[in-house]
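A short worksheet on the structure shown next.
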Amino acid sequence: MQNLLDNLKTLLQKDERLVSEGELLKNKVIELALKLDEKLIDLLLSDKQMKEVFFRQVGNTIIFDKDKFIKFVSNKQFLPDSYTSFKNKVGLTVGDEFISERKEVVLSWPYKDCILEGGMTKEDQKRDEIFWNETLAPDEISRLLDPKVFTSAKRIDRTSDHKFDKFKTDENGDIKDNFIIKGNNLLALHSLKKRFAGKIKLIYIDPPYNTGGSLETFTYNNSFNHSTWLTFIKNRLEIARSLLTEDGFIAIAIDHNELFYLGELADEIFGRDNRLGVVCVLTNPRGRQFTKFFSVTIDFMLVYAKDKEHANFNKVAINIEKKQTFNLKDEQGKYRLENFIRLANIEEKLRNEKENYFYPIFVSPDLEEITLEQKRNYVKVLPVVNGKEKAWQLKKDTFAKNLTSEDSSEEYIAAKDENGNIQIYKKYREQQMLVTHWFDKKYNATFYGTRLLEKLLGRKLRVSFPKSLYTVVDVLKIITKKNDIVLDFFAGSGTTGHATLELNKEDGGNRKFILVEQLSEHIKDCNERIYKVIKNQNIHDDFVYMELAKWNENFVEKIQKAKTKEELKKLWKTMEKKAFLSYKIDIKTIDEHAKDFTDLSIEDQKRFLLECLDKNHLYINYSEIDDEEYGVSEEDKKINKEFYKS
């Protein structure tokens, strides 16, 4: 490919239309190709290599593959910047395809919780944390997605950390633990698949919003190259779907930057018919500051069922005012009573149907039985108020079915009012019509996300912008039952785990959470948060903390933390001896171009060293757990064999 690049440049230099001040004009080349310029085509045909690559024979006719040529010329390897030029010298190249056809995998190290804050103020602009990502082509992926070894396991409850002994399981052998897992979320998801495929009821994720910045790095304010972001999300949603139960759901928080594209992608993966709605959540009533156009006040939440034919929402009330109307409670939950008499003044409307709505109901002396049959000693109750005939809410035959049908969910009770008269009441269980605009003040991310967490931790946050706790609580309330499993693989500060514990406390549930996060600072907040919730509320539950066992990932972290070029130079020498390097790497060639490497910016040096690492070896594969080279302890071997059941 390198010869092709050089040969094409040399050939195009012969056409004076394509040259200015000694430099090739890439846009002009593309323009002429689009026009099928005869002179350009003749020039390409004059070269044997170009003829073989960019033309094809159809019968006796030679056809110019315009799309292939334009795609090749549009690639950054053609007339590259200094970084790409250096990569070309040492043999590192990449390609591109349509997103829907791509099989690439994007590995990433996100500063996930900086969604709304990064780049917003002058203070934010001083920050220089970098989000590195890399797209791997199919021929680079051999063992990348194999299950990984878990290490550093410990159980944490309201008292302290404990040495891990074994997983909690039910009678079917299914794991019933809460988890916080540190490691790349894509690889963690593939590792979880062994034990949790088809067992997760709800996935709630708050991924990077891709709000702007450099095209080559995912910076502090969440900027991917657009196609890379889509591939990054696609990789994770595909494996996520396989983890859901047949009646499961996924809820994805996002803002307007990628809303439409994420929707298209999620439609493809989960099915357009399974898209249940796009919820608008008022997260920041004051709006983002320092914006040129609209000041953003809302986030969106895309909600999909894995299969809506099997899925159902719970009948719950999430609006505070509505919820307060359900002021009674029994073993099935909260409810309110409404008189079964239709109290509205609708006599004229019912005049011709009065016999259908005005009928006697009979109640046993102990008020336990309600029937339409007249029985001895039963009290006859009519819809009469202050001596004025009204009507029941239902026709007689409909009410009769509700009383006798085993499938009916309608509930009625008889009780005496303050005057001692027997009344018929309908039980309304806690529920409401679930709308797609969530504007309650409890969804304010400043007060019920950031400040709530700062109060809990007793300090400023290491991460910037957690979601409101109650946004996630309400999602769980709508979707999950008391024994379901909830997964969040962009865990950040652990809001989803906190919400799970909060809802369990409210309704006596035993839901379990699985949180996956990569960054150390986020993991610290996440662990501390969940521990303090359990401790402060005296919750009789715990969680298991585990990490993916690192190998090349150790070098990734050292590259990220390096502050000087000298550090990176020394690190490269160590990598030459100890790291698993990409098959594309020729150490000798790189060393021969050491001067070119030195001339790169420190950011580009980091990018290059990251690309040199074989991503199949970021973490230790479970299949190699007994390989002495990795030094996995006997304790870790036991834990992993129990987890993977092998």
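The values are calculated or read from the model by the stated rules, or taken from the named source; none is laboratory data. In this text, all values refer to a predicted model and were calculated from it rather than measured experimentally. Virtual Cβ from ideal backbone geometry, glycine too; neighbours counted across all protein chains shown.
Has segment 516-528 got any residue that is of a type in the set (S, T, N, Q) and assigned to a helix (DSSP H, G or I)? Break it down stepwise before answering.
The first filter runs over segment 516-528 and keeps only residues of a type in the set (S, T, N, Q), leaving 518, 520, 527.
Then keep just the ones that are assigned to a helix (DSSP H, G or I); that gives 520, 527.
Scanning segment 516-528, I find at least one residue that is of a type in the set (S, T, N, Q) and assigned to a helix (DSSP H, G or I), so the answer is yes.
Quick one: in segment 417-443, which of the residues that are in a loop (DSSP other than H, G, I, E, B) and aliphatic (A, V, I, L, M) is surrounded by the fewest Cβ atoms within 10 Å (Cβ to Cβ)?
Here the residue is M433.
Listed residues E258, E321, E264; which is under 24 Å from the mean Cα position of the chain (by Cα) and surrounded by fewer than 18 Cβ atoms within 10 Å (Cβ to Cβ)? Write out each step before concluding.
On the way: E258 fails: surrounded by fewer than 18 Cβ atoms within 10 Å (Cβ to Cβ); E321 fails: under 24 Å from the mean Cα position of the chain (by Cα).
Going through E258, E321, E264 in turn, the sole match is E264.
Check V473 against each of (1) touching a Phe, Trp or Tyr at 6+ places or on another chain (Cβ under 9 Å); (2) in a helix (DSSP H, G or I); (3) β-branched (V, I, T) and name the one condition it does not meet.
Every condition holds for V473 apart from (1).
Of all residues in segment 343-377, count the ones that are modelled with pLDDT of 85 or more and either touching a Leu at 6+ places or on another chain (Cβ under 6 Å) or under 17 Å from A400 (Cα atoms) (or both). Spell out how you get there, then give the answer.
Taking segment 343-377 first, the residues modelled with pLDDT of 85 or more are 357-377.
After this cut, where a residue has to be either touching a Leu at 6+ places or on another chain (Cβ under 6 Å) or under 17 Å from A400 (Cα atoms) (or both) as well, the list is 357-364, 368-375.
Summing the residues that are modelled with pLDDT of 85 or more and either touching a Leu at 6+ places or on another chain (Cβ under 6 Å) or under 17 Å from A400 (Cα atoms) (or both) in segment 343-377 gives 16.
Could you list, in sequence order, the residues of segment 138-153 that are out of contact with any Lys or Arg (no Cβ under 7 Å at 6 or more places or on another chain), under 21 Å from S108 (Cβ atoms) and loosely packed, with under 15 Cβ neighbours inside 10 Å?
The answer is D139, I141, S142, R143.
Within segment 545-559, is even one residue in a loop (DSSP other than H, G, I, E, B) and in contact with a His (Cβ under 6 Å, 6 or more places away or on another chain)?
From segment 545-559, those in a loop (DSSP other than H, G, I, E, B) are 549, 551; that's our starting set.
From the residues that got through so far, the ones that are in contact with a His (Cβ under 6 Å, 6 or more places away or on another chain) too are 551.
Checking segment 545-559: at least one residue is in a loop (DSSP other than H, G, I, E, B) and in contact with a His (Cβ under 6 Å, 6 or more places away or on another chain).
Please specify each residue of segment 603-632 satisfying the condition of being at pLDDT below 90 and hydroxyl-bearing (S, T, Y).
Within segment 603-632, no residue meets the criteria.
Yes or no, residue by residue, for (1) over 30 Å from K584 (Cα atoms); (2) in the same structural domain as F69 (by TED's automatic domain parsing); (3) at pLDDT 90 or above:
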| position | (1), (2), (3) |
| --- | --- |
| D15 | yes, yes, yes |
| V19 | yes, yes, no |
| L36 | yes, yes, yes |
| L40 | yes, yes, yes |
| S46 | yes, yes, yes |
| Q49 | no, yes, no |
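Which residues, taken from segment 486-497, are crowded, with 24+ Cβ neighbours inside 10 Å and either of a type outside the set (V, I, T) or over 15 Å from the mean Cα position of the chain (by Cα) (or both)? Spell out the reasoning first.
So the first thing to find is which residues in segment 486-497 are crowded, with 24+ Cβ neighbours inside 10 Å, and the list is 486-489, 491-497.
Matches in segment 486-497: L487, D488, F489, A491, G492, S493, G494, G497.
What number of residues within segment 369-381 satisfy the criterion of being surrounded by 15 or more Cβ atoms within 10 Å (Cβ to Cβ) and either free of Cβ contacts under 8 Å to residues at least 40 places away in the same chain or within 16 Å of R342 (Cα to Cα) (or both)?
Total satisfying the criteria: 2.
Take the residues in segment 594-646 that are surrounded by 13 or more Cβ atoms within 10 Å (Cβ to Cβ) and β-branched (V, I, T), then tell me which one is nearest to I559 (Cα to Cα).
Checked segment 594-646; the qualifying residue nearest to I559 (Cα to Cα) is I602.
Is it the case, given these coordinates, that D165 is touching a Phe, Trp or Tyr at 6+ places or on another chain (Cβ under 8 Å) and surrounded by fewer than 19 Cβ atoms within 10 Å (Cβ to Cβ)? Working first, answer last.
On the way: touching a Phe, Trp or Tyr at 6+ places or on another chain (Cβ under 8 Å): no; surrounded by fewer than 19 Cβ atoms within 10 Å (Cβ to Cβ): yes.
Taking the combined requirement at face value, the residue does not satisfy it.
Give me a count of the residues in segment 39-74 that are surrounded by 13 or more Cβ atoms within 10 Å (Cβ to Cβ) and not small (G, A, S). Explain how you work it out, then say what you get.
Taking segment 39-74 and keeping what is surrounded by 13 or more Cβ atoms within 10 Å (Cβ to Cβ), we get 40-41, 43-45, 47, 49-51, 53-56, 64-66, 68-74.
After this cut, where a residue has to be not small (G, A, S) as well, the list is 40-41, 43-45, 47, 49-51, 53-56, 64-66, 68-73.
Count: 22.
Provide a single number: the residues in segment 237-266 that are more than 19 Å from N312 (Cα to Cα) and among the acidic types (D, E).
Total meeting the criteria: 4.
Within segment 232-252, track down each residue that is assigned to a strand (DSSP E or B) and within 23 Å of G492 (Cα to Cα). Steps first, answer last, please.
Taking segment 232-252 as the starting set, the residues that turn out to be assigned to a strand (DSSP E or B) are 244-252.
Selection gives L244, G248, F249, I250, A251, I252.
Mind counting the residues in segment 587-644 that are of a type in the set (A, V, I, L, M, F, W, C) and part of a helix (DSSP H, G or I)?
Going through segment 587-644, the residues of a type in the set (A, V, I, L, M, F, W, C) turn out to be 587, 590, 594, 597, 600, 602, 608-610, 612-613, 618, 620, 625, 632, 639, 643.
Then drop every residue that is not part of a helix (DSSP H, G or I), which leaves 587, 590, 594, 597, 602, 608-610, 612, 639, 643.
The number of residues fulfilling the criteria is 11.
Could you pull out every one of the strands (runs of 3 or more DSSP E) wholly within segment 253-340 that has 1 or more residues that are touching a residue at least 24 places away in the same chain (Cβ under 8 Å)?
Numbers: elements: 275-282, 298-305, 328-330, 333-339.
Answer list for segment 253-340: 275-282, 298-305, 333-339.
Pull up segment 560-581, narrow it to residues that are assigned to a loop (DSSP other than H, G, I, E, B) and touching a helix residue (DSSP H, G or I) at 6+ places or on another chain (Cβ under 6 Å), then point me to the one that is surrounded by the most Cβ atoms within 10 Å (Cβ to Cβ).
A579
May I ask you to say which residue of L403, L394 is crowded, with 17+ Cβ neighbours inside 10 Å and under 30 Å from E369 (Cα atoms)? Steps first, answer last, please.
Numbers: L403 fails: crowded, with 17+ Cβ neighbours inside 10 Å.
It is L394.
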